[in-house]
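Bear in mind these aren't lab numbers, they're just calculated from the coordinates by the rules spelled out. No experiment lies behind these values; they were computed from the predicted model shown. Glycine gets a Cβ as well: all are built from the backbone with ideal geometry, and neighbour counts include every protein chain shown.
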Amino acid sequence: MTALRVLLVEDSEFMSNRVSETLETTHEMRLTAVGTAAAARERLDADDYDCVVTNYELPDETGIELAASLNASGTDPVVPVILLTGKKLEPIARGAIRKGVTEFVYKGDHAAGEMDVLENRIRLTVRAYGDRERVA
C-alpha cells in the first residue's frame, strides 16, 4: 500500500508537530504541514494530496472557509477535508458539510487530541471519497 499523502493545515506548532510525528511514525502516512489557508492552497496547486486535515481556527480564515474554496459543490469533494477542532461540533456541523467539509474529528480536552481516531477517519474518508486505488 502506498502511504497516504496528507496536507495538515494547523497554525499551532505544537499541534502540527504532534500530529505530523504521530501520523508519520505510527501510522506511516506522509504529511506536509502548513500554517495558513493561503499556504494550503499553494501546496494544493503544487502537489496532489489524498486528504486535507485542517484546524477550524486559522490565522487567515476558518477551516470551513478553506473547505468551501476547495470543494465548491459541497457534495463531490475535489479533495476530502477533515475539520480538526476543539469546538463543539453541533453548532457548526450542518453548515460545514454544505460548505465542503467531508468529516470531523474533535480534539477533545487534550491539546493533541486522539491520534488513532484521526488516523482512522483519514483512512475511511480517503477510501470513501479519494483515489480508491491508493487505499488498500
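Observations
- Database remark: amide H of Leu31 closer than 5 angstrom to the amide H of Val6 (H placed geometrically; neighbours at sequence offset of 5 or more, or on other chains; Pro and chain starts carry no H).
- For Val53, residues with placed amide H under 5 Å, excluding near neighbours: Leu7, Leu8, Val9, Ile82
- Working note: 222 nm ellipticity from helices only, DSSP H runs with n ≥ 4, each -39,500 (n - 2.57), summed and divided by the residues of the chain, gives -12000 deg cm²/dmol to the nearest 500.
- Candidate values (i) 14.5; (ii) 17.2; (iii) 15.3, label of the one derived for Kirkwood radius over Cα pairs in Å: (i)
- Longest exposed-site-free window of the chain, the sites being trypsin sites (Lys or Arg not before Pro) in a DSSP loop that have at most 15 other C-beta atoms within 10 Å: 1-86
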